[in-house]
Amino acid sequence: MAFSIQQLTDDSKFSHALRFEVLEHLCPPELVSDLLSRCHAWGERERSLNQLLVVYYVIALSLFRRLNLAAVLGHLVRGVRWLWAHPSVHLPTAAALIYRRRQLGTPVMRHLFQRVCHPMATEQTRGAFRFGLRLMAIDGTLDEVADTPANALYFGRLSSGKHQSPFPQVRCVYLAEVGTHAIVDAVFAPCRVAEQRLTPLLLSRAVQPGMLVLMDRGIVSAAELSTLVQQQAHAPLASESQRLHPCRAGALRWQLVFSPYIQWGCLPCRCA
């Protein structure tokens with residue numbers, strides 16, 4: 001494959017020269033532009049960073065989490081600056097980036113997530129399927145958000161005695177594909193909301209037929225299993241019966257729950 005050096009003229013606009021090829025492969029510019037139009041999120045005038053680039057910049061923020069806002073942009077454009085006719089051109093400040101990010105809003109990113117985040121594994125992907133079913137997993141965690149009055153009021157802080165978490169925290173519950181670790185859906189709530197309250201929403205809107213969903217024992221309940229049955233999906237449940245749990249023999253009994261019956265089988269057990 002032949003490669004060529006990008007040619008930039010003196011009258012080139014920064015927003016036209018900057019490209020994020022890897023992200024554009026996953027999120028085509030045509031799709032992002034269409035969502036910007038549907039959400040009426042285009043800016044009134046084109047600045048050094050148009051809203052199309054702001055979308056990719058917001059995605060990149062999660063890839064370089066140890067860098068501050070301005071440093072992320074500097075990292076993304078450092079290749080272009082070597083080709084620029086005036087390499088001393090000033091990049092948008094952190095304040096300008098915050099303004100553009102707020103101007104973009106959340107609907108575009110939410111719709112983009114729904115359009116591009118889906119299971120990616122194929123039948124050749126190692127560890128992605130079992131018993132002819134696509135392996136999925138639901139799990140939750142706590143993550144920190146910016147320490148603002150609005151975030152503290154809505155998400156709250158966890159406390160232990162006299163001590164509180166230094167930052168507001170958000171309860172996150174994710175549905176991920178086991179074979180690729182791709183997150184295909186997520187729910188966010190105040191930190192004191194239990195995972196059990198958020199899981200049914202994930203199951204009802206994101207789980208599809210032919211999926212085998214792995215969940216923590218504390219999450220599984222009759223309501224979750226009922227939702228799985230309605231979605232024609234499946235979930236393995238470890239049996240607590242000693243007769244059906246011969247760990248000493250190196251096997252763990254499981255129940256494969258799906259509509260309209262329960263099927264028994266055997267999986268390897270790591271505690272042998």
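Assorted remarks:
- Applied to segment 158-166, the Karplus parametrisation 6.51 cos²θ - 1.76 cosθ + 1.60 on θ = phi - 60° returns per-residue 3J(HN,Hα) values of 7, 10, 9, x, 8, 9, 10, 5, x Hz, with x for Gly and Pro.
- By the count of other C-beta atoms within 10 Å, a proxy for reagent exposure, GLU21, GLU224, GLU144 are ordered fewest to most as GLU21, GLU144, GLU224.
- In order through segment 27-32: 3J(HN,Hα) via Karplus (6.51 cos²θ - 1.76 cosθ + 1.60), integer Hz, x for Gly, Pro: 10, x, x, 5, 5, 5
- Checking every one of the trypsin sites (Lys or Arg not before Pro) in segment 156-200 against DSSP loop status and a limit of 12 other Cβ atoms within 10 Å picks out LYS162, ARG192.
- When THR148, THR227 are sorted by how many other C-beta atoms sit within 10 angstrom of their C-beta, beginning with the fewest, the order is THR148, THR227.
- Each other residue within a Cβ distance under 9 Å of GLU195 adds +1 if Lys or Arg and -1 if Asp or Glu, for a net charge of 0.
- Converting phi to 3J(HN,Hα) with the Karplus coefficients 6.51, -1.76 and 1.60 and the offset θ = phi - 60°, segment 98-105 yields 5, 4, 5, 5, 5, 5, 5, x Hz in sequence order, with x at every glycine or proline.
- As a rough footprinting exposure proxy, the listed residues MET136, MET215 were ranked by other beta carbons within 10 Å of their own, and the order from fewest upward is MET215, MET136.
Readers should treat all values here as calculations from the given coordinates under stated rules, not as data from a laboratory. Here the structure is a predicted model, which means the values were calculated and not measured. All Cβ positions, even for glycine, are placed from backbone atoms using ideal geometry, and neighbour counts span all protein chains on display.
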